[in-house]
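Only one structure is covered here, and it is reproduced in the block below.
The values are calculated or read from the model by the stated rules, or taken from the named source; none is laboratory data. Worth saying up front: this structure is predicted, and the values here are computed from it rather than measured. Virtual Cβ from ideal backbone geometry, glycine too; neighbours counted across all protein chains shown. Heavy atoms of the whole protein, side chains included, go into the accessibility calculation; ligands, DNA and RNA do not. Shrake-Rupley method; radii C 1.70, N 1.55, O 1.52, S 1.80 Å.
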Amino acid sequence: MVTSPVVNTYPLSSYTFGTKEPKMEKDSSVADRLARMKVNYTKEGMKTSVEAILLVQEHNHPHILLLQIGNTFCKLPGGRLKPGENEIEGLKRKLTSKLGANSPAMVPDWQIGECVAMWWRPNFETIMYPYCPPHIMKPKECKKIFLVHLSEREYFAVPKNLKLLAVPLFELYDNVQRYGPVISTIPQQLSRFQFNMIS
């Protein structure tokens, strides 16, 4: 695990992007996802998911890499941990599954940094909070968001049914309508870090 108040960000042009086989979503709708979460909850308890903030820079301004599904929905790369799985190893596994090449030699060296945020889902509903409400004894999901320190050069393989977007922090800031409450608060979560723009 890497902990540093300084985050080196490299130009988007120093990364290489390829494609790989489509990564199909398990659920066709939010309702389906919540129904599956309910089934899994009865078997395994609270869902723990991990997501990554991958920073690059364009025009000397930090950008975050987001996966876009269809034309509107964006999400951070990551996903659900297996029961008992270590968070850091689980996030590396998820990042490799989402963005790693099929060749082990080309998989990025994921340097997982600080956990910058935790979000809680109290019930089988879409709403999540940046705290666990005090009257909730058994939350249904805990989502942890980690900063990942990228190397200067990496190869990312993007599933053909997804797009990888580099979105500037200023576009995310306070833009709940477009990016939802979790992603739109990332600029505040990163405010304690100093960005070192390396050209």
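Data table
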| item | result |
| --- | --- |
| Convex hull per residue volume in Å³, alpha carbons only, for the stretch 1-57 | 177 |
| J(HN,Hα) series, the stretch 94-111, from Karplus relation 6.51 cos²θ - 1.76 cosθ + 1.60, nearest Hz, glycine and proline x | 5, 5, 5, 5, 7, 10, x, 6, 6, 8, x, 5, 9, 5, x, 8, 5, 9 |
| When each of Lys43/Lys160; Lys75/Lys138; Lys20/Lys43; Lys20/Lys143 is checked by Cα-Cα distance, pairs over 30 Å | Lys43/Lys160; Lys20/Lys43 |
| Karplus (6.51, -1.76, 1.60) ³J(HN,Hα), θ = phi - 60°, over the stretch 59-66, in Hz, Gly and Pro reported as x | 6, 6, 10, x, 10, 10, 7, 10 |
| Rg(Cα) / (2.2 N^0.38 Å) computed for the chain, rounded to two decimals | 1.01 |
| Choice from Ser28, Ser97, Ser13 showing the highest fluctuation, given a GNM over the chain with Cα pairs closer than 10 Å | Ser28 |
| Net lengthening on full extension, Thr126/Val6 (0.36 nm per residue, minus Cα-Cα) | 39.8 nm |
| 13 Å reach of a label modelled at Glu58, 7 Å along Cα-to-Cβ, counting backbone N of the stretch 160-184 | 164-172 |
| Dipole magnitude (debye, nearest 20) for the chain, charges at Cβ of Lys, Arg, Asp, Glu | 700 |
| For Val158, residues with placed amide H under 5 Å, excluding near neighbours | Gly18, Thr19, Lys20 |
| Probe 1.4 Å, all protein chains present, accessible-area order of Tyr155, Tyr131, Tyr15, largest first | Tyr131, Tyr155, Tyr15 |
| Residue list for the stretch 37-68, given a label point 7 angstrom along the Cα-to-Cβ vector of Ile136 and an amide N cut-off under 13 Å | 46-49 |
| Relative contact order, percent, the stretch 32-168 [alpha-carbon distance under 8 Å, six or more residues apart] | 34 |
| Heavy atoms of Asp109 accessible to a 1.4 Å probe, total area in Å² rounded to 10 | 90 |
| Extension gain (nm, one decimal) between Gln68 and Tyr41, 0.36 nm per residue minus Cα-Cα | 7.0 nm |
| Per-residue HN-Hα couplings for the stretch 70-78 [Karplus 6.51, -1.76, 1.60; θ = phi - 60°; Hz; x = Gly/Pro] | x, 9, 10, 6, 10, 8, 6, x, x |
